[in-house]
1. I'm checking a number: the convex hull volume of the Cα atoms of region 181-236, normalised per residue, in Å³. What is it?
2. Round to the nearest 0.05 the FRET efficiency obtained for Gln159 and Gln96 when R0 = 51 Å and r is the Cβ-Cβ distance.
3. Suppose each label sits 7 Å from its Cα in the direction of the beta carbon; what would the Gln255-Ala267 distance come out to in nanometres?
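What follows draws every value from the coordinates through simple rules; no lab data is involved. Small disclaimer: the values here were computed from a predicted structure and weren't measured. With ideal geometry, Cβ positions are generated from the backbone for all residues, glycine too; neighbour counts draw on all protein chains shown.
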Amino acid sequence: MISRILAVSITILASADAPAGELVGFRYYSPGVLLGVGESGVTDRKVHLPDLTFPVEFDVTKHIVILNSQMYNPGGACHWGTCKYDDGKEGDRCAQSNYDYPWRDTFCEKAGRTYATAGCPDNRGHQGLDIRMPSVLKGSKGKQCKSGSWYAVAAADAQIAAVTGAVVRLVDSNGRAYIYRHLDPKSLTHLHDMSSVKRGERIGVISGYNNPGTALYTPPHLHLEIVRPTERSAFVPSYSSMIVAYRKQIGIPIQLDAGGNLPSDEARELR
C-alpha cells in the first residue's frame, strides 16, 4: 500500500512540474553536454535540419521517447561482452532511469569509440544519436525495453540507397544520408520493393541487432547518423535538430533565433 501511495505521489509531482499542455515535463541537457567523465561534444546550437521529422513512431498521449547514452547508462556494460541480449534476461538495460527524461546528447561520445567524426573536439567519437524505444506512460512498461514493438520512420522524404543486415541508408534530395542502425532485419524486407519513402513512413522495427543483423547484442534502440554529401566522415551534429523535431511532435514548438540556432528554454533545458 505504501509503495502504491508513493508511486501516485511521484506521478502527481511529475505532472505538476510539467509545463501546461505536457503529459510529462520534457527536459534535456544542452547540446554537447555528454555523460562520460571529461567528455564534451559539439556545443554549437545550430539547427542543421529544421524540417527533420522525429524518426521514431509513438503516441504522444501515451508515450515519451528518450535520447541518452547506451554505453554509460544501466546495461551499457553488455557492449563489452559481459552479458548477452538474446538470453531472455532483461537485466539493468531495462532500468526505468534509461526511459525517463532528461535527454542527453551522445554525438562525439567516446566510450572506446575511435570512429573518424569530423567536427568532434578531437575529430573522433560517436557518429550519431542513440534513441531508445518509447517509454510507456500508461499500462504495462514491459515492452518498452523489448525488440519488436516500435518502428523507426523516415526523417525526410528520401530514396532508399541501401538495405544491409540491420542497417538502412536513405538519401534525401540534398544528398544527405540518413543511416538507421540496429533495426530488425526481418522487418526490412518490404524496402527491397520500394524506391523511396515519405517522411514519417515506417522504415523498420527498432531492435538490439548488431549492424550485420546476425545477433542481438545491444539494448534495443535506434542509432541514427546523418551525413553531409561532401564526405563520409562529415557527420551532422543533429541533437539540436532532434530537440526541435521532438518538440513539434509533442506540441511545444520553439522559434529558432535569427541565426537558425536553438534558443535557450529555462523551463526545460539543463546545463
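1. 117 Å³
2. So the FRET efficiency works out to roughly 0.85.
3. So the label points at Gln255 and Ala267 sit 1.5 nm apart.
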